[in-house]
Amino acid sequence: MKTDITDAFKTIPVHPSLWPFQGIQWENQYYFYTQLVFGSRSSPKIFDYLSQAVCWIATNKFAIENILHLLDDFLVIEDPGRNANETMARFQSVFNTLSIPLSAKKTVGPSTSIEYLGIILDSENMEARLPLDKLNRILSIIRQFSSKRTCTKRELLSLLGHLNFASRVVVPGRSFVSHLIAMSTNVKKLHHHVHLNKECRADLAMWAVFLEGWNGISFFLDDNITRAADIELFTDATPTSFGGIYNNQWFQGYFPISLQEEQMSMAFCELYPIVMACILLGSEWKRKRILFHCDNLATVEIIRKGRSKIPSIMKLMRSLTFQSAKCNFIIHAKHIPGVRNDIADALSRFQMDRFRRLAPQAEKDPTPCVSVKDILMD
């Protein structure tokens, strides 16, 4: 259930001593605002004190446990076993008691599907999604930019505004706005043109995949972060090979000679089996936040930022992001020096006798790895 305060800023009176600072002169007449002014830099912060007070009163005096707000927009979430209509009545009583007017058009609920701050929240399907009109508008803008070689800074900032909004639902997409943001800083004036390079178009192509493939839908993620070790997920790599194990499933392989000739960094080598694990096993991690422990600091930073300046690593990150959006999980990484990773280490070195001794319960045959072309999305 949600509601919105009518003419929000006008509910806050301004002390008469401050009226001269909120006045205008027009046709020899003086006019003064006696309430908060819309557009004033200080108005949102001052008004938010009222909103915070409303939430405190709702929680502590009206027993409304789950209430959120953004300025004048309020959202209440109730447990399935409780009487939502009764909660809605108490919710409205908070504002009636305080003589705060509500917008009848924007007071909605109780309902299992509700649009709040431009995003549809569906508690029955446990998902958040973009409204169809917003989804189509963003896709249309992305298609327009995909065929452009240049655009003005104003146009690029407008695109970034739409993508940042979509990132509230398509969480992995946040990794694919930082390069566009950096490009927008290359020129000073809004009418100056920005060159859209290959990297920009690759990022926009990923956004098109996100929005077209999953219709801007994201399942609610678990609050708790699952450590890879807790679900018995381990990966490791050497300069020439890699391996990983999840429960009793395992995989291993050699890096293709073509990749080895590129003088791969250890960050690439460590990231490769993580991405491979996501492709092979990600369908079992729906709604989870997976935390990988890694002894390579560069790999941890790349996963944390979602980007790299190295093209080959960026291909891996696009593949990782694609899988996390497709299967609806999020990857986190934490640096821990000298992680003991004996089973995956044995797999990555093709020390099969050692592997069988350390993991006797492992399946007889490995899970086939996908090709390097598939993992790099070439």
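A few points about this structure:
- Answer from T321, T367 - the residue that is closer than 17 Å to F242 by Cα and not assigned by TED's automatic domain parsing to the domain that holds R201: T367
- Considering residues of region 181-239 that are under 25 Å from H332 (Cβ atoms), modelled with pLDDT of 85 or more and of a type in the set (S, T, Y) only, the residue surrounded by the fewest Cβ atoms within 10 Å (Cβ to Cβ): T238
- Residue in region 269-281 that is among the small types (G, A, S), farther than 30 Å from M183 by Cα and outside the structural domain of S167 (by TED's automatic domain parsing) present: yes
- Enumeration of residues in region 52-79 that are part of a loop (DSSP other than H, G, I, E, B) and either of a type in the set (S, T, Y) or touching a residue at least 40 places away in the same chain (Cβ under 8 Å) (or both): L71, D72, I77, E78
- Exclusive hit being over 15 Å from R318 (Cβ atoms), touching a helix residue (DSSP H, G or I) at 6+ places or on another chain (Cβ under 6 Å), part of a loop (DSSP other than H, G, I, E, B) and not aromatic (F, W, Y), set V169, V194, V187: V187
- Taken together, the residues in region 83-137 that are β-branched (V, I, T) and touching a Phe, Trp or Tyr at 6+ places or on another chain (Cβ under 8 Å) amount to 1.
So that you can scan it fast, the table gives a plain yes or no per residue for (1) small (G, A, S); (2) at pLDDT below 95; (3) out of contact with any Lys or Arg (no Cβ under 6 Å at 6 or more places or on another chain):
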{"residue": "S17", "(1), (2), (3)": "yes, yes, yes"}
{"residue": "Q22", "(1), (2), (3)": "no, yes, yes"}
{"residue": "Y30", "(1), (2), (3)": "no, yes, yes"}
{"residue": "S43", "(1), (2), (3)": "yes, yes, yes"}
{"residue": "V76", "(1), (2), (3)": "no, no, yes"}
{"residue": "N83", "(1), (2), (3)": "no, yes, yes"}
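- Residues of region 251-278 that are surrounded by 19 or more Cβ atoms within 10 Å (Cβ to Cβ) and assigned to a helix (DSSP H, G or I): A267, F268, C269, E270, L271, Y272, P273, I274, V275, M276, A277, C278.
- Residues that are surrounded by fewer than 15 Cβ atoms within 10 Å (Cβ to Cβ) and touching a residue at least 12 places away in the same chain (Cβ under 8 Å) within region 343-369 comprise Q361, E363, P368, listed in sequence order.
- Residue within region 60-77 that is over 27 Å from the mean Cα position of the chain (by Cα), surrounded by 12 or more Cβ atoms within 10 Å (Cβ to Cβ) and polar (S, T, N, Q) present: no
- The set of residues in region 334-365 that are in a loop (DSSP other than H, G, I, E, B) and closer than 30 Å to R304 by Cβ comprises I336, P337, G338, V339, R340, N341, R349, A359.
- Among the numbered conditions (1) touching a Leu at 6+ places or on another chain (Cβ under 8 Å); (2) part of a helix (DSSP H, G or I), the only one that R201 does not meet is (1).
- Residue in region 92-105 that is touching a His at 6+ places or on another chain (Cβ under 9 Å), in a strand (DSSP E or B) and either of a type in the set (A, V, I, L, M) or surrounded by 15 or more Cβ atoms within 10 Å (Cβ to Cβ) (or both) present: no
- For first residues located in region 102-118 and farther than 16 Å from I77 by Cβ, partners that are assigned to a loop (DSSP other than H, G, I, E, B) and not charged (D, E, K, R) and lie 6+ apart or on another chain with Cβ distances below 6 Å form the pairs S103/T6.
The values are calculated or read from the model by the stated rules, or taken from the named source; none is laboratory data. Predicted, not measured: the structure shown is a model, and the values here were computed from it. Because the Cβ atoms are built from the backbone with ideal geometry, glycine has one as well, and the counts that use them run over all protein chains shown.
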